[in-house]
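Inspection log for the structure reproduced underneath, given as structure tokens.
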Amino acid sequence: MSQPPVVLATASYDHTIRFWDAKSGRCYRTIQYPESLVNRLEITPDKRYLAAAGNPHIRLFDINSNSPQPVMSYDSHTNNVMAVGFQCDGNWMYSGSEDGTVKIWDLRAPGCQREYESRAAVNTVVLHPNQTELISGDQNGNIRVWDLTANSCSCELVPEVDTAVRSLTVMWDGSLVVAANNRGTCYVWRLLQGTQTMTNFEPLHKLQAHDGYILKCLLSPELCEPHRYLATASADHTVRIWNLDGFTLEKTLVGHQRWVWDCVFSVDGSFLITASSDSTARLWSMSNGEEIKVYRGHQKATVCCALHDGTDPYSCST
């Protein structure tokens with residue numbers, strides 16, 4: 001199989017992972033995943049592999065193969081893996097789990113290389129663009145910065161006591177961090193210029209984005225500049241697009257019938273893919289907020305999606 005120009009994958013409570021032709025909406029490959037639910041999907045920077053975060057393992061699948069078997073399994077978590085991602089060169093992977101740990105895995109060697117204790121169920125982990133810090137959010141409302149160089153926690157924040165941090169996102173240039181919680185609130189911090197570390201969080205804005213849970217928040221990518229957006233996917237069945245210039249509501253994406261669990265921007269920020277409990281994934285135009293395509297095939301809630309539509313592998317910019 002030749003590498004598809006656009007890799008789009010979704011996972012569902014029906015224990016399948018599906019690959020889609022983004023333009024036609026046709027599902028061209030289905031992987032059975034009977035062992036557990038899949039909580040998160042992520043594609044490696046070189047578009048070769050898809051990571052599926054389950055309970056309690058992470059499985060790596062070859063995107064360019066028809067084999068239903070994973071090429072690798074990562075097995076030292078003891079509960080649901082809620083977050084997974086890759087360093088920009090694809091040399092290592094990070095994960096966060098409801099077992100209260102954040103782990104780092106060298107993709108070229110077996111086993112977990114490092115482990116950090118969050119002391120509460122980890123819901124979300126993101127990698128700073130500097131590639132040397134991980135930021136995690138947990139069920140108790142803690143946000144922690146893990147300095148990979150010093151191998152320690154360099155910063156702790158609690159934006160709202162006992163309110164779970166559901167999702168974190170970092171601006172591509174490392175200038176902003178946003179945390180979304182179970183009360184529909186987004187906390188925005190500016191990361192002070194001139195510092196090499198992420199430990200200087202300057203409160204910038206508190207945004208009441210939804211009345212219900214926010215399940216995913218996501219900042220727009222570099223090629224979207226000079227426009228800067230925040231997407232918030234919610235239990236209220238909508239995705240809202242916020243303009244970071246003034247934190248005004250730009251548009252509301254309406255069409256899903258149930259909770260919207262996940263979203264991902266196209267590489268240029270022109271499109272957004274969403275995944276919902278209504279068993280569909282959808283493609284939206286960012287210019288007018290219109291629904292372009294519905295991906296139907298899952299039998300139960302579609303809870304995560306992954307997209308890689310770049311022509312070249314992502315590279316480290318810092």
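The values are calculated or read from the model by the stated rules, or taken from the named source; none is laboratory data. Predicted, not measured: the structure shown is a model, and the values here were computed from it. Every residue, glycine among them, receives a Cβ derived from its backbone with ideal geometry; neighbour counts consider all protein chains shown. Note: accessible area is taken over every heavy atom of the protein model, side chains too, but ligands, DNA and RNA are not part of it. Shrake-Rupley method; radii C 1.70, N 1.55, O 1.52, S 1.80 Å.
Whenever a residue of region 126-154 is without any contact (Cβ under 8 Å) to a residue 24 or more places away in the chain, its partners that are in a strand (DSSP E or B) and acidic (Asp, Glu), lying with C-beta atoms within less than 9 angstrom and at least six residues away or across chains, give the pairs Thr132/Asp147; Thr149/Glu133.
Output the number of residues of region 214-237 satisfying the condition of being buried (at least 20 other Cβ atoms within 10 Å of the Cβ) and touching a Ser or Thr at 6+ places or on another chain (Cβ under 7 Å). Result for region 214-237: 8.
Considering Leu148, Leu168, Leu176, the condition of being farther than 18 Å from Thr232 by Cα and buried (at least 19 other Cβ atoms within 10 Å of the Cβ) is satisfied by Leu148 alone. Looking at Asn130, is it open to solvent by 10 Å² or more (accessible area, probe 1.4 Å), modelled with pLDDT of 95 or more and within 20 Å of Ser167 (Cα to Cα)? In short, no. Taken over region 273-298, residues that are touching a residue at least 60 places away in the same chain (Cβ under 8 Å) and of a type in the set (D, E, K, R) amount to 2.
Taken together, the residues in region 47-69 that are of a type outside the set (D, E, K, R) and farther than 16 Å from Gly111 by Cα amount to 13.
Screening Ser279 on (1) of a type in the set (S, T, N, Q); (2) closer than 28 Å to Leu191 by Cβ; (3) buried (at least 19 other Cβ atoms within 10 Å of the Cβ) shows it passes everything except condition (2).
Counting only strands (runs of 3 or more DSSP E) that fall entirely inside region 1-117 and contain at least 1 residues that are open to solvent by 40 Å² or more (accessible area, probe 1.4 Å) and touching a Cys at 6+ places or on another chain (Cβ under 6 Å), the qualifying elements are 16-20, 40-43. Read through the list (1) closer than 17 Å to Val81 by Cβ; (2) in contact with a strand residue (DSSP E or B) (Cβ under 6 Å, 6 or more places away or on another chain); (3) open to solvent by 20 Å² or more (accessible area, probe 1.4 Å), then give the number of the only condition that Cys153 fails. Result: Cys153 fails condition (1) only.
Just one of (1) under 22 Å from the mean Cα position of the chain (by Cα); (2) farther than 15 Å from Asp262 by Cα fails for Leu192. It is (1). In region 118-127, the residue that is farthest from Ala150 (Cα to Cα) out of those that are open to solvent by 20 Å² or more (accessible area, probe 1.4 Å) and not basic (Lys, Arg) is Ala121.
Glu202 - would you say it is within 25 Å of Glu225 (Cβ to Cβ), open to solvent by 20 Å² or more (accessible area, probe 1.4 Å) and assigned to a strand (DSSP E or B)? Here the answer is yes, as Glu202 does meet what is asked. If you filter region 282-316 down to residues that are surrounded by 14 or more Cβ atoms within 10 Å (Cβ to Cβ) and among the acidic types (Asp, Glu), you find that the one that is modelled with the highest pLDDT is Glu291.
Looking only at region 239-250, count every residue that is β-branched (Val, Ile, Thr) and surrounded by fewer than 18 Cβ atoms within 10 Å (Cβ to Cβ) and tell me the total.
1
Yes/no per residue for (1) in contact with a Leu (Cβ under 8 Å, 6 or more places away or on another chain); (2) under 23 Å from Arg166 (Cβ atoms):
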site	(1), (2)
Gly246	no, no
Leu253	yes, yes
His256	no, yes
Trp259	yes, yes
Asp268	yes, no
Thr274	yes, yes
Lys293	yes, no
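Does region 134-150 contain at least one residue that is out of contact with any helix residue (DSSP H, G or I) (no Cβ under 9 Å at 6 or more places or on another chain), hydroxyl-bearing (Ser, Thr, Tyr) and within 18 Å of Arg40 (Cβ to Cβ)? Yes: region 134-150 contains one or more residues that are out of contact with any helix residue (DSSP H, G or I) (no Cβ under 9 Å at 6 or more places or on another chain), hydroxyl-bearing (Ser, Thr, Tyr) and within 18 Å of Arg40 (Cβ to Cβ). The residue of region 204-235 that is nearest to Glu160 (Cα to Cα), among those that are of a type in the set (Asp, Glu) and without any contact (Cβ under 8 Å) to a residue 40 or more places away in the chain, is Asp211.
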